[in-house]
Amino acid sequence: MPQSLKAIKGRIKSIQNTRKVTNAMQMISVAKLNRVDKVLFALRPYALALENLLDNLVALQPEGGHPFLAKRSPAKVRALCVITSDNSLCGHYNTTVLRVAENFFSRYGQENVRVV
């Protein structure tokens, strides 16, 4: 059954409004991403200096020095902390996190993984 002209115009208006809201949300998320990107870029020198400091400390340790630097046998049981979001529009993030968790399970076996 063909739709009336009024119903078609209403659908077009609804789609245009949805497009406006979606574009506004996209602009907000881009602004937030740019802000986070600036913070990460500002932290890069600190991270590099910290990495350099740790490399120097490890190089100065005698053989068999600190227990945190000792080589160990592989862990028998691993812990996996899965953090998802309950905010709107996070479906892709949640899907990706759960896919990575499933890959972790398949790599190490379900009996060898404890989920937190």
Take the conditions open to solvent by 90 Å² or more (accessible area, probe 1.4 Å) and more than 30 Å from Gln26 (Cβ to Cβ) and apply them to Arg114. Does it pass?
yes
Considering each of Asn56, Asn103, Asn87, Asn94 in turn, give the residue that is part of a helix (DSSP H, G or I) and at pLDDT below 90.
Asn56
Only unsatisfied item for Gln61, checking (1) modelled with pLDDT under 80; (2) among the polar types (S, T, N, Q); (3) loosely packed, with under 10 Cβ neighbours inside 10 Å, is (3)
Just give me the residues in the stretch 72-97 being without any contact (Cβ under 8 Å) to a residue 60 or more places away in the chain and open to solvent by 90 Å² or more (accessible area, probe 1.4 Å), in sequence order.
Arg72, Ser73, Pro74, Lys76, Ile83, Asp86, Asn87, Ser88, His92, Tyr93
Meets criteria (farther than 30 Å from Ser106 by Cα and open to solvent by 80 Å² or more (accessible area, probe 1.4 Å)) for Leu69:
no
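The values are calculated or read from the model by the stated rules, or taken from the named source; none is laboratory data. From a predicted model like this one, the values you see are computed outputs, not experimental measurements. Positions of Cβ are generated from backbone atoms using ideal geometry, with glycine treated the same way; all protein chains shown enter the neighbour counts. SASA here: full protein model, heavy atoms, side chains in, ligands and nucleic acids out. Shrake-Rupley method; radii C 1.70, N 1.55, O 1.52, S 1.80 Å.
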